[in-house]
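Since the structure comes first, as structure tokens, the remarks are kept for the end.
Where a number appears in this text, it was derived from the coordinates with a stated rule and is not lab data. Just so it is clear, the model here is predicted, and its values are computed rather than measured. Reconstructed Cβ throughout: ideal geometry from the backbone, glycine too, with neighbour counts over all protein chains shown.
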């Protein structure tokens, strides 16, 4: 349980520090015969830093109150 708590704690810290990321997709603009024009369209995924704080709290609780491995 200690390893699980540490992993959740670290992931929560990363989610708190990095609150978004951007990715690109290709979309067709024009497709007439042999003329094909496409563009890269950016998409942004955003989440609240409170999600990371909540994960850190859960990870800390697992770390403190979790079953001890012998």
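If you average the sequence gap of Cα pairs under 8 Å that are 6 or more apart and divide by the length of the chain, what percent do you get for the contact order?
Relative CO of the chain lands at 50 percent.
Label residue 44 and residue 19 with points 7 Å out from Cα along Cα→Cβ: what is the distance between them in nm?
Taking the simple label geometry, residue 44 and residue 19 are separated by 1.1 nm.
Hey, got the Cα dimensions of the chain along the principal axes, in Å, largest first?
Between the extreme Cα coordinates on each principal axis of the chain lie 69, 25, 11 Å.
Between residue 34 and residue 61, what length comes free when the chain is fully extended (0.36 nm per residue of separation minus the Cα-Cα distance, one decimal in nm)?
That pair, residue 34 and residue 61, stretches by 3.6 nm at full extension.
Treating the angle as unsigned and between 0 and 90°, give the value, to the nearest 10°, between the Cα long axis of helix 2-17 and the longest Cα principal axis of the chain.
It is inclined by approximately 40 degrees.
Measure nothing fancy, just the Cα-based angle from helix 49-65's long axis to the longest principal axis of the chain, in degrees from 0 to 90, nearest 10.
In the chain, helix 49-65 runs at an angle near 30 degrees to the longest axis.
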